[in-house]
Amino acid sequence: MATVVAFHAHPDDEVVLTGGTLARASAAGHRVVVVTATDGRVHNEDDNRLGELRSSASILGAQRVECLGYADSGYGPLFYPDPPGRTRFGRADLDEAAGRLATILRDERADLLLSYQPNGGYGHRDHVQVHHVGKRAAELAAIPRVLEVTMPREMLLRVSDLAHLLRLPGPYERDIVRGAYAPRATITHRVNVFRFARQKRDAFAAHRSQIGSSGLGARLFGLLMRLPPQVFGALFSHEWFVDPALPTGTLRRDIFE
């Protein structure tokens, strides 16, 4: 059996991007570890994002959850000053942050690291930083394989068009989506996680603060949670990854292949 460490930017990213894959790996007997760079707080909000992360990760079968301790950098043109006593992840020293992650990777003797692509998926400064920190940590800890979480860009463009048509909440600007994640032809791993849709949905529900607040992401979370289970399962039936070490045109069905 192998140990996979999933490195994410914020609490809730673990379920949105890799929830089904982590549940599948755990069900197969592999050790699953979830690490987030931030606690999800942009300022010093009095919420329980890390508690929600632990609940979500437990539902997905993770056996260890860690946070590197940085503050959320926020999304958009404004890059706020650091809150008292904390550094925003987007400003974190690369080697310091990578060293924190590398310590966990060595402790776990990780076989596989799940990280992000150079564009961070859709350009969020914390997601871009996850790529750089994850890549450096893998070098420091001599991790043999790194897979980068992604989604097919063509699919997202269709979702964007449909969302505009139905006036659904979400960051669906075509200019953003056009450069988001990866073209389908460059994706190396397409993992069927349909059997784990219920776990993924339950893990979504664990992030109560995101469902109950008034922000754009919260409205989208709320919309997803109102979907019938069958529709949710169909919508989240697959998760995707890019292995930078594999040639374009490769398509594998499991992260351990």
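The values are calculated or read from the model by the stated rules, or taken from the named source; none is laboratory data. Given the structure is predicted, the values throughout are model-derived calculations rather than measurements. Glycine gets a Cβ as well: all are built from the backbone with ideal geometry, and neighbour counts include every protein chain shown.
Out of everything in segment 1-31 that is closer than 25 Å to PHE89 by Cα and aliphatic (A, V, I, L, M), what residue ends up being surrounded by the fewest Cβ atoms within 10 Å (Cβ to Cβ)?
Here the answer is VAL16.
Which of the following residues is in contact (Cβ under 8 Å) with a residue 60 or more places away in the chain and not in a helix (DSSP H, G or I): ALA6, ALA62?
ALA6
How many of the residues in segment 234-257 are among the small types (Gly, Ala, Ser) and more than 14 Å from LYS200 (Cβ to Cβ)?
Matching residues across segment 234-257 total 2.
Within segment 65-94, track down each residue that is in a helix (DSSP H, G or I), touching a strand residue (DSSP E or B) at 6+ places or on another chain (Cβ under 7 Å) and either modelled with pLDDT under 95 or surrounded by fewer than 21 Cβ atoms within 10 Å (Cβ to Cβ) (or both).
Of everything in segment 65-94, nothing turns out to be in a helix (DSSP H, G or I), touching a strand residue (DSSP E or B) at 6+ places or on another chain (Cβ under 7 Å) and either modelled with pLDDT under 95 or surrounded by fewer than 21 Cβ atoms within 10 Å (Cβ to Cβ) (or both).
So that you can scan it fast, the table gives a plain yes or no per residue for (1) more than 13 Å from the chain's Cα centre (by Cα); (2) among the small types (Gly, Ala, Ser); (3) in a helix (DSSP H, G or I); (4) modelled with pLDDT of 90 or more:
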| position | (1), (2), (3), (4) |
| --- | --- |
| GLY120 | no, yes, no, yes |
| VAL146 | yes, no, no, yes |
| ALA163 | yes, yes, yes, no |
| LEU168 | yes, no, no, no |
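Here is a list of conditions, (1) closer than 27 Å to ILE187 by Cα; (2) of a type outside the set (Phe, Trp, Tyr); (3) in contact with a helix residue (DSSP H, G or I) (Cβ under 9 Å, 6 or more places away or on another chain); (4) surrounded by 15 or more Cβ atoms within 10 Å (Cβ to Cβ), and HIS131 meets all of them except one; can you say which number that is?
All conditions are met except number (3).
Name the single residue, out of those in segment 57-86 being out of contact with any Gly (no Cβ under 8 Å at 6 or more places or on another chain) and polar (S, T, N, Q), that is farthest from PHE194 (Cα to Cα).
By that ranking, first place goes to GLN63.
Restricting segment 49-81 to residues that are under 26 Å from GLU108 (Cα atoms) and polar (S, T, N, Q), which is nearest to the chain's Cα centre (by Cα)?
Taking the candidates together, the pick is SER56.
Got at least one residue in segment 104-118 being of a type outside the set (Gly, Ala, Ser), closer than 20 Å to GLY40 by Cα and at pLDDT below 95?
No: zero hits.
What pairs come out if I take residues in segment 88-111 that are in contact (Cβ under 8 Å) with a residue 60 or more places away in the chain and pair them with residues that are among the charged types (D, E, K, R) whose C-beta lies under 6 Å away, six or more apart or interchain?
Sorted first by the residue in segment 88-111, then by its partner, the pairs are PHE89/ASP126; ILE104/GLU66.
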